[in-house]
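**Q** Attaching a single structure in structure tokens format; questions to follow.
Each value in this text was obtained by applying a stated rule to the coordinates, not by laboratory testing. As the structure is a computational prediction, the values presented were derived from the model and not from experiment. Here the Cβ is made from the backbone with ideal geometry for all residues, glycine too, and neighbour counts use every protein chain on show.
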Amino acid sequence: MKSTLLRPFLLLACATAPCLFGESKSVPSAAQPINLATGEWDNIVNIQVSTLTPDYREPWNAGQPGGGSGTGWLVGKNRFVTNAHVVSDGTRLIIRSTSDSEPHPARVVAVAHDCDLALVEAIDEKDFDHLKPLEVGGIPDLNTEVSVIGYPIGGERISVTRGVVSRIDFQPYSHTGVDSHLTIQVDAAINPGNSGGPVLQDGKVVGVAFQAYSGRVAQNVGYMIPTPIIKRFLKDVEDGKYDHYVDFAISDFPVENPAQRKALGLPNDGIGVMVADVEPIGSAADVLKEGDVLRALDGNPVLSNGLMKVDGQLIDKNEVIERKFAGEKVSIDLIRDGKPMKTEMTLKRFTPYVTLGEQHDKRPRYLVYAGLVFQPMDRNLVDAYQLRDPVVSYVFDNYLSKKIYVERPDVVILTNVLADDVNSYVQSLAPSIVDEVNGVKIKTMNDLKDALKAKGSKPDFIEIKLFEKGRPLILKRQLAEEAHPQIMKNYRITEDSYLGE
């Protein structure tokens, strides 16, 4: 069963200091009492979700049915904010308020998997016309009290827990596993079902509960998505679509050693980080070079440890990029080959890293031919098959660092062999990365589909070269084409390929 509850996670190493995004801070005070009898909190709803989780081992099937529940809160007319992981892969949504037991059908308006937020609406908006939206506030101060409100496990009615803001930091978001954003840590009890619920201070929303430590790693450590992330999401979806976060798509390292700074011709002023690598299809691809020293972004100095002081706060430089939207620009002051320069960069999303993260609301892509099952490599596939082939593992682990995505946007893997006489004695070759088919280099799933139809130098045979394998996989074309329909029937496969929308 798919869990659509609170996202447990194990904290990964990351940096750095908090970003307050120029928000006004909430005034420290005790949390306000809540009177449930008046129906005052009907704008905080329980969201029940039926799900259909894709089956990556048999991608032609509809998937595994399941379900879960979470919390949402009214942010505007018939608009409820919740977590993306609450509604992902959802097939049916029902919302209920505290004083109304009637189930209200709902639907997803927008979803942002990279920051784990979603917007939901009731199908009949009249059901919630009388409710007043919650007001979104700023970022709470450290050591101030907040209230976490939601519908966690252990009962059907609304629950309130209280705690103290204990940390504001740049942390991983467990929903995808590859995205990191500003996060606020609290010591309030946050349990499965709290996901998507508001965290309140002085009657205003100061965050959305979304994940917590799992197991015995820590106790009473929960996390909320702060209001700068919430406001950015709401602004992004105003036009009816979500454009995703943009990325710098570079790696860098601090320049703190005095001798190194002198050798690079840098003043000993504690400013500047060196560009170590630039992704060839990222925002900085035609702007920055390896060895450049970044001195300032949008006129704000970049300290030698990668932090910046913006609006009086030290923040990670990536948070400056996160404030912006696709198509916007950032001005850059840098030193290249000892000479100061000014340039600007147009920001966009960097998609290859998505392959390394958990994906949602997507039908698995695949192609079946004569019992051979081909699928593109991604995190969902690797996890579903528990792939341990050393070549596949190496390519997955180095997909970004070795720039494998440039040559192979899709790393096509022979994941399975559906047994039949036509493919006998080749089962041991799965899993393997497909290198060539009939002399054609396979860079995408579409390349594979076309190459299987093409007749190479040996037109009576289909020759599949597997990456780093000593022998090719060869089928007799006529026998393969004759066997294919019967294999489809035997394994109850109604569609032999799905390559995406």
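**Q** For region 119-185, state the semi-axes of the equivalent ellipsoid (square roots of 5 times the eigenvalues of the alpha-carbon gyration tensor), sorted largest first and rounded to whole angstrom.
**A** Semi-axis lengths for region 119-185 are 27, 18, 15 Å.
**Q** Summing Lys, Arg as +1 and Asp, Glu as -1, what charge do residues with Cβ under 9 Å from the Cβ of S331 carry, S331 excluded?
**A** Cβ neighbours under 9 Å give a net charge of -1.
**Q** Counting other Cβ atoms within 10 Å, which trypsin sites (Lys or Arg not before Pro) in region 113-176 have at most 16 and lie in a DSSP loop?
**A** R157
**Q** Treating region 112-236 as a set of equal point scatterers at the Cα positions, no solvent, please give the Debye-formula log₁₀ I(q)/I(0) at q = 0.23 Å⁻¹.
**A** The computed values of log10 I(q)/I(0) come out as -1.54.
**Q** So which GluC sites (Glu not before Pro) in region 77-146 are both in a DSSP loop and have at most 16 other Cβ atoms within 10 Å of their Cβ? Write down the numbers at each step before the final one.
**A** Numbers: sites: E121, E125, E135, E145; in loops: E135.
Within region 77-146, the qualifying GluC sites (Glu not before Pro) (loop, at most 16 other Cβ atoms within 10 Å) are E135.
**Q** A 24 angstrom limit on the alpha carbon distance is what I want to check against. Which of K241/K449; K231/K348; K449/K489; K403/K453; K289/K317 exceed it?
**A** With Cα atoms farther than 24 Å apart: K241/K449; K403/K453.
**Q** Please identify the trypsin sites (Lys or Arg not before Pro) of region 375-467 that satisfy two criteria: DSSP loop assignment and at most 10 other Cβ atoms within 10 Å. Which are they?
**A** Sparse-neighbourhood loop trypsin sites (Lys or Arg not before Pro): R388.
**Q** Let me know the volume per residue of the alpha-carbon convex hull for the chain, in Å³.
**A** 175 Å³
**Q** With only alpha-carbon atoms counted, please give the Rg and Dmax of region 322-463, in Å.
**A** Values for region 322-463 (Cα only, Rg and Dmax): 20.0, 68 Å.
**Q** Mind checking which of H360, I413, I94 is farthest towards the positive end of the chain's charge dipole, using Cβ charges of +1 (Lys, Arg) and -1 (Asp, Glu) about the Cα centre?
**A** I413
**Q** Please report the antiparallel percentage of the DSSP beta bridges confined to the chain, to the nearest 5.
**A** Working: 109 of 114 bridges.
Just about 95 percent of them are antiparallel.
**Q** Going by average Cβ density within 10 Å per residue, which order do the peptides 189-198, 296-305, 489-498 take, highest to lowest?
**A** 189-198, 296-305, 489-498
**Q** Another one. Relative to the Cα centre, what is the charge dipole magnitude of the chain, using +1 at the beta carbon of each Lys and Arg, -1 at the beta carbon of each Asp and Glu, and rounding to the nearest 20 debye?
**A** 680 debye
**Q** Calculate the spin-label point distance for R471 paired with Q64, positioning each point 7 Å from the Cα along the beta-carbon direction, and give it in nanometres.
**A** Going by the 7 Å Cα→Cβ label model, 3.6 nm.
**Q** Taking the Cα-to-Cβ direction at D243 and at D496 and moving 7 Å from each Cα, how far apart do the two end points lie in nm?
**A** Here the modelled spin labels are 4.2 nm apart.
**Q** Report the extension gain between A454 and N268 in nm, rounded to one decimal, defined as 0.36 nm multiplied by the number of residues separating them, less their alpha carbon distance. Can you show the working numbers first?
**A** Details: separation 186, 0.36 × 186 = 66.96 nm, distance 6.24 nm.
Gain on stretching A454 to N268: 60.7 nm.
**Q** Cα to Cα, under 17 Å, and not fewer than 8 places away if on the same chain: which aspartates and glutamates meet these conditions relative to K339?
**A** Cross-link targets: D269, E290, D292.
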